[in-house]
Amino acid sequence: MLNPYSEQFARIETTCGSLLCELQKIWDEVGEADDERHKMLFELEQECLKVYVKKVDEAKERRAKLQRDIAIAKAEISDIRTSMGENSVHHDLKPGGNLKEELETISPLLEDMRRKKVERINQFVGVLEQIQKLSNEIFGVKEQNGNKVLLDETNLSLRRLEELHSELHGLQNEKINRLNRVQDHLNTLNSLCTVLGMDFKQTVCRIHPSLDDLNGAKDASNNIARLAAQIQSLQELKIKRMQRIQDLASALLELWLLMDTPVEEQQMFLNVTCKIAASEPEITEANMLSIDCIKNVEEEVSRLQQLKTSRMKEIVLKKKVELEDMCRRTHMVMEALISIDCSIEAMEAGAIDPLYLLEQIDLQISKVREEVFSRKEILEKVEKWLAACEEESWLEEYSRDDNRYNAGRGAHLTLKRAEKARAVVNKIPAMVEALTLKTTAWEKERGTEFLYDGGRLLSVLEDYGSLRQEKELEKQRQRDQKKLHGQLIAEKEAFYGSKPSPSISGKKASRTSTAAVSNRKLSLGGTMLQQAKPEKLATRLHLNKKAVYLNENSLVNHQRSSGFATHSGRRSSEVSGRVVKKQPPRAAKVREIESPAVRNPLSPVSFAVNSNANIVNFIKDQKKVNGQRLNPGCKTPMGMPSKPTLIGDDGNRTPKAMPIPIPTTPSTVSAPMLMAITPATPATLGAYKVERIVEQVPQIEYSFEEVRAGFFLS
Amino acid sequence: MTSVHPPAAPGRELSNPPTDGISNLRFSNHSDHLLVSSWDKTVRLYDASANSLRGEFMHGGPVLDCCFHDDSSGFSASADNTVRRIVFSYGKEDILGRHDAPVRCIEYSYAAGQVITGSWDKTLKCWDPRGASGQERTFVGTYPQPERVYLLSLVGNRLVVATAGRHVNVYDLQKMSQPEERRESSLKYQTRCVRCYPNGTGYALSSVEGELQWSSLISQRPVKPKSMYAFKCCRKSQAELDIVYPVNAIALHPVYGTFATRGCDGFVNMWDGNNKKRLYQYSKYPTSIAALSFSRDVRLLAVASSYTFEEGDKPHEPDAIFVRSVNEIEVKPKPKVYPNPPA
């Protein structure tokens, strides 16, 4: 190697020697001094040396630099290698070669290492950034400080990278998990919302606006909590509503069952009722539990309920009618009916549950049924007895008919009937007896009274018995009278000679005097007497109102007793105690209502007319008179001098005083009674009028305004 | 009665009320103006919605009745025997004419364009307000009545006249010579108020003894067979004694046919005549209710709370006018409770 350099050196030396030779020649020619020559040569030598030294120094410097570079590169490489966790020995440099070569080989290596490092760092940064992002998302916001990725550059080993990767992986998994959970929640929420008929989007937006957005960050931890809370509350709501709707559904079913609601009507609500036993998760149909749906069902239920109450009412009324009917058939008067009436009113007002009422009525009905069973026997007997009574009254009527034996159409039938009736009538006492026995037995057994149309049957029977007795007495008396009559006629005939047929008037008279009047003959009897017809007695029994019956009865008694009272003093002694007892107050009353103005007992004709007009009003007048008597305002006109009373007595006494014109007495006999009453009417009317007039005199009416304005009619 | 909820306030009280008893008040048919006549010899015009006194018109004597002509003028009946026309904007008044006794009541018929007045001189007179002032130009006719005229009510051409002695005459304004119907009030006591149905088929009467009765006119009778009925109101049970109060007036709801009564007991009641039910009872007013009027759109009810002298001269609460707004629920007839009532 040294050869070219040595050649070069030699060439330099030759060039320098030739140059020196040339210089020698020049100096020789010039003849330069030796000194000068030496000096020049020395200078030359010095300059050359200087150049050499300089160059050598430069070369040294470059060598050092190269060495340093190599060292640095090597250090860096090893640095990188350690940080990347590679083996430092792996790629050692070959010791041979000069420095430049060494550098040459090292620098690409370094370059490579650096590139690798950058790549690794980028990898790290990427992973770290993802981790950061995920943890941000998962653990909430730490945006400000978390934004910078903290990278440890000293440890870029693959293991570390691996670690980071696994961390990232974990985070990603968690994120997916969370997303799934959110999705799950959202799904449940959605289903809940649809079932409850709520707007899903709205509900979700209320929790977090981002939830609605599909790409939004849905997994913030508090979102999940809130979602869970919302779901919880909705679930509770759902359960509540479910219970409500199931209650309603059961009510609905009950009502359907009760009322046989047609299937078409049921169809609409079948979806509700089929869920009656469903548990909470089973209800998934949309809008199943929406407010509208519940409201719908509620409305239906209330509608059905109303329907039910109205039906109930119908049923109650029907039952009531049934009960009434039953009572009527068995002639019972139920106090319960009245109370039921009351409670029906209450039910209509909504105060009583119809169901309860229905039960009550049913109870009553069953009670009545039992009672009916026990009463049946007696009732049958009563029925028979009543029929017999009817026959009896018919017979009475019939036997009073003078023309009964006239041959007419169907006369034989009536005859037959009469025959039968007589047989029946004969049985009546036995019947009554049996009935009484039965009834008393029944009453003993039951401990209660046997009521027939509200009245006690026994008392009715007693009444009947006494009535019968009275009738007997009457008959007896009639017979007596007839006898007397016959005597009188005989006497008269002895005086005046015989009359064509006095018996007719006598008969007529005697009939009018009795209470058991046949209205057929007595045309002036009018309504009042018609009411008193005995045959009505029996028929009255059929009517529900015992009171009316009794009233009627007593009226007859009145009639009879007053008849007796006015009949003649002589007869009154013969009358039974019962009737006698009634007489005095009656007579007193009669006397009281007499007026002084119109009073003439000895003019029967005018009174016949009067009575004709007034007898109808008898009862009313009687009442009125009683009322008037109570009225203090009427006292003045009613308060009578003693004189008319005396006259009244007179009137009553007249027939007694004149026993002789007895054939005409019966007509007068009835007259005094009527007379006693008829005058009463004008008298009371007069009183009334007077009162009215008295009232009216100071009373010209004025309105408040007239009074205030002082406006009075002159 | 479940429907009675006593409301909180009796309504807005109008400022500047009359200083003496209020004899009548009426709402205008066109606005919320309220015309009030009073025993203090004035007629006052209020704007009920603005609660302001728009005018006050003095008369020679107590004013017993008033009515609107249109929104700019009205008529008044005065105890000084005169019938006046009042023009609100000028405060001017024309005397339409005179009766021989205090004029008790006045009505203006839009159908006939006439003013009808009833007086205690036992006559009814008609006036044509379009004529100028002065009796000879406005007077249309005099129609004698059996008794002192107490009340008038008018719908369309039908005029119902109630007089003392419980007479009721029904006229057709086009044939005034003869009453269409002569009747006697079926109530037992003095007629206190009469009011025609808005549809003209009948009228309602009330008496001083708290009775109210509906009658349909004979000409309309076949339409509704059960159209006459009476019931009792303005009564109060106190210690086993029924205290009856005069029913001072009736105001009919033009749409629903329900009506309000007012009486000396200080209560205003809303009734449903068809179902014979009380719909609503307003809270008690301080003293007797002298008059009532629904406004044209039935949003407002004016109530004159004023002692009506039913117990003579005695100390009493100050007179006041209340205007209350009317809720639909108070006046609307309630539907039957049961879908199919028991037969």
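One table, with the values for the structure above:
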| quantity | calculated |
| --- | --- |
| Cβ-based net charge around B:Thr82, under 11 Å, with every Lys or Arg adding one and every Asp or Glu removing one | 0 |
| 26 Å Cα-Cα threshold exceeded, pairs from A:Lys240/A:Lys295; B:Lys125/B:Lys332; A:Lys318/A:Lys381; B:Lys92/B:Lys125; A:Lys420/A:Lys471; B:Lys284/B:Lys332 | B:Lys125/B:Lys332; A:Lys318/A:Lys381 |
| Theoretical FRET efficiency, 1/(1+(r/R0)^6), r = Cβ-Cβ of A:Ala494 and A:Ala423, R0 41 Å, to 0.05 | 0.40 |
| Rough spin-label spacing in nm, given labels placed 7 Å along Cα→Cβ, for A:Leu23 and B:Tyr110 | 15.1 nm |
| Heavy-atom surface of segment B:53-116, accessible at 1.4 Å and reported per residue (Å²) | 34 Å² |
| Packing rank of A:27-39, B:99-111, A:241-253, A:275-287, where each peptide gets the mean count of other beta carbons within 10 Å, highest leading | B:99-111, A:241-253, A:275-287, A:27-39 |
| Under 12 Å, Cβ to Cβ, from A:Gln24 - net charge with Lys/Arg +1 and Asp/Glu -1 | -3 |
| Peptides ranked, highest mean first, by Cβ atoms within 10 Å: ranges A:441-447, B:117-123, A:163-169 | B:117-123, A:163-169, A:441-447 |
| Straight-distance crosslink candidates among aspartates and glutamates, where the alpha carbon sits under 16 Å from A:Lys308 and sequence neighbours closer than 8 are dropped | A:Glu254, A:Asp260, A:Glu265, A:Glu298, A:Glu299, A:Glu300, A:Glu348, A:Asp353, A:Glu359 |
| Förster radius 35 Å - calculated FRET efficiency between A:Arg369 and A:Ser250, Cβ distance, rounded to 0.05 | 0.50 |
| Diffusion coefficient, µm² s⁻¹, Stokes-Einstein with Kirkwood Rh over alpha-carbon pairs of segment A:351-486 at 37 °C and 0.692 mPa s | 179 µm²/s |
| HN-Hα J in Hz across segment A:107-113 - Karplus 6.51, -1.76, 1.60, θ = phi - 60°, x for Gly and Pro | 4, x, 4, 4, 3, 4, 4 |
| Counted charge near A:Ala430, where neighbours are those whose Cβ lies closer than 15 Å (Asp, Glu -1; Lys, Arg +1) | +3 |
| Cα-based Lys pair tally, segment A:1-86, threshold under 20 Å, eight or more apart or on separate chains | 6 |
| Over segment A:22-132 - Rg/Rh using Cα atoms and the Kirkwood inverse-distance radius | 1.49 |
| Rg/Rg_ref, segment B:246-332, where Rg_ref = 2.2 N^0.38 Å and atoms are Cα | 1.07 |
| Inter-chain Cβ neighbour average for residues B:159-169, partner chain, 10 Å | 1 |
| Segment B:77-161, accessible surface, carbon-and-sulfur percent (1.4 angstrom probe) | 46 percent |
| Inter-chain shielding of B:303-311 (mean C-beta neighbours from other protein chains, 10 Å cut-off) | 2 |
| Extension gain from A:Tyr405 to A:Lys201, taking 0.36 nm per residue of separation minus the Cα-Cα distance | 62.6 nm |
| Sorted peptide list for B:318-326, A:477-485, B:208-216, criterion being average Cβ within 10 angstrom, highest first | B:208-216, B:318-326, A:477-485 |
| Per-residue mean of C-beta atoms belonging to partner chains within 10 Å, peptide B:185-191 | 1 |
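The values are calculated or read from the model by the stated rules, or taken from the named source; none is laboratory data. Worth saying up front: this structure is predicted, and the values here are computed from it rather than measured. Note: ideal-geometry Cβ built from the backbone for every residue, glycine included; neighbour counts use all protein chains shown. Surface areas here come from the heavy atoms of the whole protein model, side chains and all, with no ligands, DNA or RNA. Shrake-Rupley method; radii C 1.70, N 1.55, O 1.52, S 1.80 Å.
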